[in-house]
Amino acid sequence: MAGAPLPPPAGGTGWKGLTIPLLIPAWAVVGIFMLLPVLLMVVYSFLTKEFRGGVVWDFTLAAYDQFFLNRGLFGDEPPVIEWTYISIFWRSIWQAALATLACLLVGFPTAWFIATRPAAQRTVWLFLITIPYWVNLLIRTVSLKFLIRENGPLNDSLMSLGLITDPLPLVNTNLAVQLGLFYSYLPFMVLPVYAAVERYNFALSEAAADLYAGRWTILREIVLPVVRPGIVAGCILVFVPSLGAFLAPDLLGGAKTYMIGSLIDEQFRGSQGNWPFGAAVSVVLMTMVLLVLLWQARAAARGARG
C-alpha cells in the first residue's frame, strides 16, 4: 500500500542499529567538502608565504599580524593599527547590509504577492523568479555591467526619452555594486519569505480587521512576528554571500568599492599572491559570520523560550 512505513529489518532489531551506517555517507560529504577545506584554510593562515607563491611549512602569526598591525615598510617601526583592511571590512559590511535591506524591501512584497495568488499560478511566478539564475553568476554580472554602462541600453533609453542629457556614470560606483548584489541574491530573500507567508493563517488578519485594526497594525503586530523566521533566514542568506562577494565589486565597482571578497581573491592569484594572508583574512571573515549566526541563534532561542 502506498505510503505504508518500511518494515523493520529481519531479526526484529528495528532501524536503530542502522542509524550510524546510514549517516556515514552524509558525514563523509560534510567532512570532505566542508570541514576539510575549512581546516586547510585555518592551517594555511598560520604558515609562511613562499617567495614564488604558495607556502612554506613554518608556522607563524605573521599573516594575522599583517592584517591587524602596521609595522612600517621594513617591519622595524612601532606597531600601529592597520586601518586599511579594517576599512575594507567595514565597507563590505555596510554594502552587504544595504543589499540585504534592498532585497527585503523588494523581496517581502514579491513573496507576499506570490503566496496570495491562486495555487495554480504560484509555480509560474516562482519559475519566473528563479529562471534567470539558471545562468552562471559571472555571465549575469557581465550582462548587468553591459546594461548600465554609459553607452548601454539603460542610458540610451533614458536619453531617448529626454529624461537625461548626458549618460549616467553608474559603473565603478557603490550604486553599481549594490545593483549587482541585489540582482545576484534577491531570490535568496524571496524564497524563504514566500515559504513563511504561504504557511501564514490569513484568518488572523481577518480577525484583526474585524476588531478595527488598521493595515499597518496588522502587518506590524501579526504578520511580521509570524513570518519572522522566513525574514531572518532570507536576511542571513543574502547578507552572508554579499559579505564575501567579489564578482560584483570587481566587475561593477572600482578602487573605491573594494570589498573583502576581492581582497581574498587577490591573494590567491599568481605568484604575487599571499596565500597565508588570504587564508587569515578568510578566517577573520568566517569568524565574523559565525559570531553573527551564533548571536541570531541565541536570540531565536530566547524568543522561543519567551
- Any chance V42 is within 30 Å of V281 (Cα to Cα), exposed (fewer than 13 other Cβ atoms within 10 Å of the Cβ), out of contact with any strand residue (DSSP E or B) (no Cβ under 9 Å at 6 or more places or on another chain) and modelled with pLDDT of 85 or more: no
Y212 fails exactly one of (1) in contact (Cβ under 8 Å) with a residue 40 or more places away in the chain; (2) on the phi > 0 side of the Ramachandran plot; (3) not small (G, A, S), namely (1)
Exactly one of F146, F51, F127, F89 is in a helix (DSSP H, G or I) and more than 22 Å from the chain's Cα centre (by Cα), and that one is F146
Contact list, first residue from region 146-171 and at pLDDT 90 or above and aromatic (F, W, Y), second anywhere and part of a loop (DSSP other than H, G, I, E, B) and surrounded by 12 or more Cβ atoms within 10 Å (Cβ to Cβ), beta-carbon distance below 7 Å, six or more apart or interchain, is F146/G152
With the first residue restricted to region 65-76 and required to be part of a loop (DSSP other than H, G, I, E, B), and the second required to be surrounded by 12 or more Cβ atoms within 10 Å (Cβ to Cβ), Cβ contacts under 6 Å at 6 or more apart or on different chains are R71/P79
So the helices (runs of 4 or more DSSP H) completely within region 239-306 holding 2 or more residues that are modelled with pLDDT of 90 or more and under 26 Å from A62 (Cα atoms) are 260-267, 275-305
Checking L98, L144 in turn, the sole residue that is under 23 Å from F246 (Cα atoms) and in contact with a Phe, Trp or Tyr (Cβ under 7 Å, 6 or more places away or on another chain) turns out to be L144
If we keep only residues of region 55-107 that are farther than 19 Å from A280 by Cβ and exposed (fewer than 14 other Cβ atoms within 10 Å of the Cβ), then the residue modelled with the highest pLDDT is L105
If you go through L252, L263, L285, the only one that is surrounded by 12 or more Cβ atoms within 10 Å (Cβ to Cβ), farther than 27 Å from L39 by Cα and in contact with a helix residue (DSSP H, G or I) (Cβ under 9 Å, 6 or more places away or on another chain) is L252
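The values are calculated or read from the model by the stated rules, or taken from the named source; none is laboratory data. Because the structure is a prediction, the values reported are computed rather than measured. Virtual Cβ from ideal backbone geometry, glycine too; neighbours counted across all protein chains shown.
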